[in-house]
Amino acid sequence: MEFIVPLLLGFVIASIGIMPPGLINMTAAKVSAVDGRSEAISFASGATVIVLFQTYIALLFAKFIFSRQDIINILQEVGVVLFLGMTIYLFWSAQKPKKEKQEIKMHSKANRFFLGMLLSALNLFPIPYYVFVSVTLSSYGYFFFNSFFIYSFVLGVVLGSFLVFYLYILFFKKQENKTSFLIDNGNYIIGSITGLISIITFLKLIKNYWI
């Protein structure tokens, strides 16, 4: 039971955090539609590896800064700059002339795996997210910063994250004949998501400074 509780917590919290359309799962869907399910699974596996390390780092941060909200604000400031830069790049890339399909395709699974790792590493949202969640749960007595609890929670996050990625892959694979809009406008969709995250985070930071 001591293993199941943090495992389920991690699984549910990860699923909730990743289920809405976001950078990684939308890219996994796009890879599935363009290059097939196996390439998308390779991409999702790479992204999940980084999620594992991000979650563990986040929990170490949370343990260290349990009462230091100023450090969490710094992480949010970094996230604003990062997501804003990604938004500009994605919209710029979307406006470039479209290449032929065979030039876009990457048949190497290793390439898709490392692409998943790269995009996941650029997405800093999991770090403040799991810092906030673990600190909040700890304040109510549902989370404990001991090694066993942390490892079980991280495992649950990994399982929940990969399941959500896989559900996106399955859904868009089944609808591959209807996903031309996603393929043609994927960068605009993902760029809009990162832009929205930047705006929301920026407004939160302004609110914090004024309070």
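The values are calculated or read from the model by the stated rules, or taken from the named source; none is laboratory data. Only a predicted model underlies this, so the values are computations on that prediction, with no experimental measurement involved. Counting neighbours? That spans all protein chains shown, and the Cβs are built from the backbone with ideal geometry, glycine included. Just the protein is used for accessible areas: all its heavy atoms, side chains included, with ligands, DNA and RNA removed. Shrake-Rupley method; radii C 1.70, N 1.55, O 1.52, S 1.80 Å.
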message = Tell me whether segment 198-207 contains one or more residues that are within 16 Å of the chain's Cα centre (by Cα) and at pLDDT below 80.
response = yes
inquiry  = Tell me yes or no: at least one residue of segment 28-37 is polar (S, T, N, Q), touching a helix residue (DSSP H, G or I) at 6+ places or on another chain (Cβ under 9 Å) and within 26 Å of Phe148 (Cβ to Cβ).
reply    = no
task = For segment 1-39, name all the residues that are assigned to a helix (DSSP H, G or I), small (Gly, Ala, Ser) and closer than 15 Å to Leu119 by Cα.
result = Ala28, Ala29
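For segment 113-122, check the following and say yes or no: at least one residue is modelled with pLDDT under 85, open to solvent by less than 50 Å² (accessible area, probe 1.4 Å) and under 16 Å from the mean Cα position of the chain (by Cα).
Scanning segment 113-122, I find no residue that is modelled with pLDDT under 85, open to solvent by less than 50 Å² (accessible area, probe 1.4 Å) and under 16 Å from the mean Cα position of the chain (by Cα), so the answer is no.
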request  = Could you list, in sequence order, all residues of segment 165-178 that are open to solvent by less than 70 Å² (accessible area, probe 1.4 Å), farther than 9 Å from Ala33 by Cβ and modelled with pLDDT under 90?
outcome  = Tyr168, Ile169, Leu170
message = Against the condition at pLDDT 65 or above, in contact with a Leu (Cβ under 7 Å, 6 or more places away or on another chain) and assigned to a helix (DSSP H, G or I), how does Gly156 come out, does it pass?
response = yes
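Take Phe64 and decide whether it is among the hydrophobic types (A, V, I, L, M, F, W, C) and open to solvent by 10 Å² or more (accessible area, probe 1.4 Å).
Criteria met by Phe64.
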key: Residue match in segment 70-84 (condition: surrounded by fewer than 19 Cβ atoms within 10 Å (Cβ to Cβ) and either among the basic types (Lys, Arg) or at pLDDT 85 or above (or both))   = no
inquiry  = Of everything in segment 42-61, what is among the aliphatic types (A, V, I, L, M) and surrounded by 22 or more Cβ atoms within 10 Å (Cβ to Cβ)? Give them in sequence order.
reply    = Ala44, Ala47, Val51, Ala58, Leu59
task = Output the number of the condition that Leu8 fails; it satisfies all remaining conditions of (1) closer than 24 Å to Thr87 by Cα; (2) of a type outside the set (D, E, K, R); (3) at pLDDT 85 or above.
result = (1)
